[in-house]
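Single-structure report; data block below.
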Amino acid sequence: MKIGWTRPILRTVAPGVALAAALAMTPRAVASQTAPQQSLLRALGDHYELPADEVAILAEWRIPVGEIPVALAISDHASISPDALVASRRNGRDWATLAGRYGMDMGWFHVPLDPVPQPVVALYAELESRPRARWGEVRPDDAQVVFLVNVRFLQEYASVSADVAAAALAEHGGLAEALRAISP
């Protein structure tokens, strides 16, 4: 069940991008996913209403599994192909730049957290020093974007508070492991 800032993704993928990604997949690469990572990919497909094979293709692009929700969240918001975002990411663009291109700034990424966990302490201190109308001037780094999107995904998918989601990420280190820990 999706709440918050998600909506169905435009399910059109550039045919050449999809074909190239599909051809790049190997059985060994698919088999290299751990059980928690495979569960995460299924959960992401469920959450973003995508077929499991589309999410698996993103995993085969060799981006960290924790960054896949960022590509899906931005593409969901902007109604563009997640493959296009991943290709831009692999070409050196940071997540904040990619999100900014589609009108998503720090106000979009912000998740109320108490206590504020280490990955975003400095970022949230900077936000506190500004009126909300000026949050768009604050530029999160990639790790902060990934952390906040992963918190939001866990919060929405597992129906837990943002604080519980953030604590699970901090305790378990990775998104797949955090999801496994807080899922019923």
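The values are calculated or read from the model by the stated rules, or taken from the named source; none is laboratory data. What you are looking at is a predicted structure, and each value in this text was computed from that prediction instead of being measured. Glycine also receives a Cβ, built like all others from the backbone with ideal geometry; neighbour counts cover every protein chain displayed.
In the set (1) in contact with a Leu (Cβ under 8 Å, 6 or more places away or on another chain); (2) on the phi > 0 side of the Ramachandran plot, the condition left unmet by residue 74 is number (2).
Apart from one condition, residue 81 fits all of (1) surrounded by fewer than 16 Cβ atoms within 10 Å (Cβ to Cβ); (2) at pLDDT 85 or above; (3) farther than 26 Å from residue 158 by Cβ; the exception is (1).
Among the residues of region 147-167, the one identified as β-branched (Val, Ile, Thr) and either assigned to a loop (DSSP other than H, G, I, E, B) or on the phi > 0 side of the Ramachandran plot (or both) is 160.
Within region 99-109, the residues that satisfy the criterion of being over 20 Å from residue 44 (Cα atoms) and either aliphatic (A, V, I, L, M) or surrounded by 14 or more Cβ atoms within 10 Å (Cβ to Cβ) (or both) are 100, 101, 102, 104, 105, 106. Scanning region 110-158 for residues that are of a type in the set (Phe, Trp, Tyr) and closer than 25 Å to residue 64 by Cβ returns 124, 147, 153, 157.
Listed here are the residues, each with its yes/no results for (1) farther than 27 Å from residue 41 by Cα; (2) in contact with an Asp or Glu (Cβ under 6 Å, 6 or more places away or on another chain); (3) in contact (Cβ under 8 Å) with a residue 24 or more places away in the chain; (4) surrounded by fewer than 19 Cβ atoms within 10 Å (Cβ to Cβ).
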{"residue": "121", "(1), (2), (3), (4)": "yes, no, no, yes"}
{"residue": "128", "(1), (2), (3), (4)": "yes, no, no, yes"}
{"residue": "133", "(1), (2), (3), (4)": "yes, no, no, yes"}
{"residue": "145", "(1), (2), (3), (4)": "no, no, yes, no"}
{"residue": "157", "(1), (2), (3), (4)": "no, no, yes, no"}
{"residue": "161", "(1), (2), (3), (4)": "no, no, no, yes"}
{"residue": "166", "(1), (2), (3), (4)": "no, no, yes, no"}
{"residue": "179", "(1), (2), (3), (4)": "no, no, yes, no"}
{"residue": "182", "(1), (2), (3), (4)": "no, no, yes, no"}
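Of the helices (runs of 4 or more DSSP H) lying entirely inside region 33-139, those containing at least 1 residues that are of a type in the set (Lys, Arg) are 35-47, 82-90, 95-101.
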